[in-house]
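Single-structure report; data block below.
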Protein chains: 2
Amino acid sequence: MQRYFVKKEQMTDTAVQIIGDDVKHISKVMRMDVGDEVICSDNDSRTVKCRLSNLSDTEINADITETLEPKTELPVQVTIAQGLPKGDKLDLIIQKGTELGAFAFLPFAAARSIVKWDHKKASKKIERLEKIAKEAAEQSYRERIPEVLPVHSFSQLKQELPSFDLIILAYEESAKQGEQAQLAQQLTTVAPGQKILVIIGPEGGITEEEVDQLTKQGVIVCGFGPRILRTETASLYVLAAISYHFELMR
Amino acid sequence: MQRYFVKKEQMTDTAVQIIGDDVKHISKVMRMDVGDEVICSDNDSRTVKCRLSNLSDTEINADITETLEPKTELPVQVTIAQGLPKGDKLDLIIQKGTELGAFAFLPFAAARSIVKWDHKKASKKIERLEKIAKEAAEQSYRERIPEVLPVHSFSQLKQELPSFDLIILAYEESAKQGEQAQLAQQLTTVAPGQKILVIIGPEGGITEEEVDQLTKQGVIVCGFGPRILRTETASLYVLAAISYHFELMR
């Protein structure tokens, strides 16, 4: 069944109001009509099945027929701090990272980031990434859309660190030196509901200077297996590993 | 250090001969010369560091200076049987799957595969995919290039099943029904050196008829977490989970 996200204020105890791009999607693309059913999430904790009761060009109304409990969110909140990569790699990271359960994405300008986001284009780019996150969240049956945060400088990233329970830094040199046990050990220290930040460098990796500054603040350096992963693959690896650890191993 | 694969017969006890596209890459792209060092793997079990001793337009010779033991192969052999997906998704699956340690790729024509590979184009497409696998294997420090097998029909796929120790079928309905423990349970039954086949349907998934036929042959149906993954994400999930299980958890 087709899934849509609505704002909290668009969902009452008994009805849902759908506005914006989704109106066109429901009536023109999916060609649905009165009586058809969709699933709506309020992007927080409420997911309902509802039946369309009224369609206009600007608004669709639906009556709630059932409250669902999808439980598709990872039991831990994982934010991916991604050093700005080249080209459209961030699109892939956000689409796949959303499918794999990321809680939020925090792009940051790393020392080796070649791409610079100028102020003008940044808000348009974030909008585009938010749209990718929304579509991936709908497709993968998420209960919430991961947040795409504005691009942070490295010092802004460091200011965010105290709000996390565990901070992991993906470090290629650890993989090369054969360090492999740290990630699994660290995940055993995390309880459901806690917040994990995973910091991943851009192409070329994180610099030694950045590693030094981060480890001084308690960040744990981890290898993600013995192979050298491209920057966009590292986030997918860690999210799948966290899902396996918290959702599949019981 | 730059890495290249050579054929077994191009590596003696003391020297390596490099031919083909890599000659141009070394001399023109990397602008290397006599005395520079590269790493070469024979795509089986031997990886060496060597120093360039002679460069011509068609051939480069190098003296072996050190035998390396990279140990970057997954301890289990994982073959990804991928229902033919749309567009260029197979490119992504093979690039990322190689980084994540896949042993081989077996594309198959599933009931819901929309794409048909005609006989003429198939060999060109496989060649292209082999090139993607080779480049990803070099970049990720693999010791061998994963094999890209020819496109199989569903009945040809079924004939391959007896050669594997564990066969897993990614099934969306399992995820929807909340089945989550099976993959982790099954991985505990596998010993290093054994062969795992992971069967993944195309967009739209595997049909009930296909599931029936496969489970009758001992294939184990598994959910890959509670979220609905796109077809190209499922292979990345299972490879990362297998790496986490066999390489990181100790």
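Throughout, read-outs are computed from the coordinates displayed, never taken from laboratory work. Owing to the predicted nature of the structure, the values given are computational and were not obtained by experimental measurement. Every residue, glycine among them, receives a Cβ derived from its backbone with ideal geometry; neighbour counts consider all protein chains shown.
What the table below lists for this structure:
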| quantity | calculated |
| --- | --- |
| Separation between Cα centres of segment B:1-40 and segment A:100-131, rounded to whole Å | 38 |
| Under the Karplus curve 6.51 cos²θ - 1.76 cosθ + 1.60, θ = phi - 60°, whole-Hz ³J(HN,Hα) for segment A:180-191, x wherever Gly or Pro sits | 9, 9, 4, 4, 4, 5, 5, 5, 5, 8, 9, 9 |
| Coordinate range along principal axes, alpha carbons of segment B:33-138, Å, largest first | 54, 36, 17 |
| Efficiency of FRET between A:E37 and A:E9 - r from beta-carbon atoms, R0 25 angstrom, step 0.05 | 0.65 |
| Shielding by partners - mean other protein chain Cβ count within 10 Å, residues of B:185-192 | 1 |
| Closest approach to the axis - chain A beta-carbon, rotation onto B, Å | A:A240, 2 |
| Distance (nanometres) between label positions extended 7 Å along Cα→Cβ at B:T215 and B:E130 | 3.8 |
| Percentage of interatomic Cα-Cα distances in segment B:162-220 larger than 17 Å | 42 |
| Where only alpha carbons of segment B:77-248 are counted, the Rg and the Dmax (Å) | 15.0, 43 |
| Residues whose placed amide H lies under 5 Å from that of B:E59, excluding near-sequence neighbours | none |
| A:T67/B:A181 FRET efficiency (R0 22 Å; Cβ-Cβ; nearest 0.05) | 0.25 |
| Mean separation of Cα contacts under 8 Å (6+ apart) over length of chain A, as relative contact order % | 21 |
| Helical contribution to [θ] at 222 nm, DSSP H n ≥ 4, -39,500 (n - 2.57), averaged over chain B, rounded to 500 | -9000 deg cm²/dmol |
| For B:E209, inter-copy label distances in nm, listed shortest first [label point 7 Å out on the Cα-Cβ vector] | 6.3 |
| Placed amide H near B:T72: partners under 5 Å, 5+ positions off or other chain | B:E143 |
| Computed FRET value (nearest 0.05) for A:S163 with B:E59, which takes r as the C-beta separation and R₀ as 41 Å | 0.10 |
